[in-house]
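Notes for the one structure printed next.
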Amino acid sequence: MKPSKPILITIDGPAGAGKTTVSRALAEAVGYRYVDTGALYRAVALAAEREGVGSEEDAGLERVCNGLDLAFERTETGTRLFLNGEDVTGLIRTPEISMMASAVSARPVVRRFLLSVQKELGRSREAVFEGRDMGTVIFPNAEVKFFLDATPRVRAQRRYREIASSASVTLDEVEQDIIQRDKNDSTRAIAPLKPAQDAVSIDPTGMSGDEVVGKMLAHIAEVTSR
Ligand code: DC
């Protein structure tokens with residue numbers, strides 16, 4: 001059921017905390033759009049890789065960003081991301097693009113470019129934004145903010161289950177990847193990963209997706225009834 005007034009909901013947290021499943025389910029439950037902002041960083045990474053631009057070449061990254069048209073479209077198979085008209089939804093999910101996305105996300109030129117893209121996407125409110133700095137930097141005035149977090153091992157187990165059928169990696173490798181990305185994402189100078197002061201923190205370990213969403217819905221009902 002839609003909240004009694006139009007609000008913005010943000011869900012931040014590290015890789016593998018289960019943000020995507022929960023964000024999608026929450027958006028569905030309240031009848032809002034779901035916006036996966038990590039996909040935007042991944043699309044920038046894919047475009048840079050295709051053009052042979054390294055993750056520390058700011059001038060090249062700026063050129064890549066300026067040539068990008070990024071659009072989410074709702075289709076029968078879920079929300080898909082189009083990069084200059086090409087559906088890149090599947091292409092941005094490889095381990096290489098994950099690492100490259102983490103690296104380019106530390107560059108101010110990339111964050112500046114995506115800041116305006118994201119603000120535009122949030123203009124009409126009524127959306128669930130999933131990312132790392134939604135509640136702290138992009139939408140500091142969002143009415144409802146959540147921060148999902150769990151230990152690296154628990155998060156690695158989740159990622160491992162998701163990718164096990166399509167990749168030849170071990171659980172330990174996935175955990176090392178997660179620890180490395182956590183380090184990149186939380187120590188970068190610009191928009192480091194951290195909970196907003198007014199975010200509600202949830203550790204979903206041992207909870208079902210429905211239970212997490214139920215908790216979120218209860219909080220939303222409380223905030224919107226004020
Ligand atoms: O959520 P994800 O794994 O798809 O995100 C890919 C990378 O993008 C991740 O390493 C951190 C970065 N990211 C970010 O810096 N800010 C966001 N709002 C979303 C993602």
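DSSP bridge analysis restricted to the chain gives an antiparallel fraction near 35%, rounded to the nearest 5. May I ask for the Kirkwood hydrodynamic radius of region 1-138, worked out over all distinct Cα pairs and given in angstroms to one decimal? By the Kirkwood definition, the hydrodynamic radius is 15.4 Å.
Within the straight-line cut-off of under 19 Å between alpha carbons, the lysines reachable from LYS183 are LYS19, LYS194, sequence neighbours fewer than 8 places apart in one chain being disregarded.
If the chain linking ARG226 and LEU171 were pulled fully straight, counting 0.36 nm for each residue of separation and taking away their Cα-Cα distance, it would gain 15.3 nm. Taking all protein chains together and rolling a 1.4 Å probe, THR170 ends up with roughly 70 Å² accessible. Taking the square roots of five times each eigenvalue of the Cα gyration tensor of region 80-225, the equivalent ellipsoid has semi-axes of 25, 22, 16 Å, listed largest first. Taking only alpha carbon atoms, region 52-120 gives an Rg to Rh ratio of 0.97, where Rh is the Kirkwood radius. The distance linking region 174-226 with region 5-21 is 7 Å (Cα centroid to Cα centroid, whole angstrom).
Taking the helices alone, the chain has a mean residue ellipticity at 222 nm of -14500 deg cm²/dmol, built from -39,500 (n - 2.57) per DSSP H run of at least 4 residues and averaged over all its residues. In terms of its C-alpha gyration tensor, region 94-151 comes out oblate, because a/c is 1.5 or above while a/b does not outweigh b/c. Reducing region 115-129 and region 27-63 to their Cα centroids gives an inter-centroid distance of 15 Å.
Full extension of the chain segment joining GLU51 with LYS2 gains 13.4 nm, where the gain is 0.36 nm per residue of separation less the Cα-Cα distance.
Using the Cβ-Cβ distance between ARG125 and ASP69 with R0 set to 22 Å, the FRET efficiency works out to roughly 0.40. Under 23 Å of direct C-alpha separation, and excluding same-chain neighbours fewer than eight residues apart, LYS5 reaches these lysines: LYS119, LYS145, LYS215. List the relative contact order of the chain as a percent without decimals, with contacts defined as Cα pairs under 8 Å and 6+ residues apart. Reported relative contact order: 33 percent. Scanning residues 5 or more positions from LEU8 or on other chains, those with amide H under 5 Å from its amide H are GLU126, GLU143, VAL144, with H placed 1.01 Å from N in the peptide plane.
The values are calculated or read from the model by the stated rules, or taken from the named source; none is laboratory data. None of the values given here were measured: they were computed from a predicted structure. Don't worry about glycine lacking a Cβ; one is built from the backbone with ideal geometry, like all the others, and counts go over all protein chains shown. Accessible surface is based on the protein model in full, side chains and every heavy atom, while ligands, DNA and RNA are left aside. Shrake-Rupley method; radii C 1.70, N 1.55, O 1.52, S 1.80 Å.
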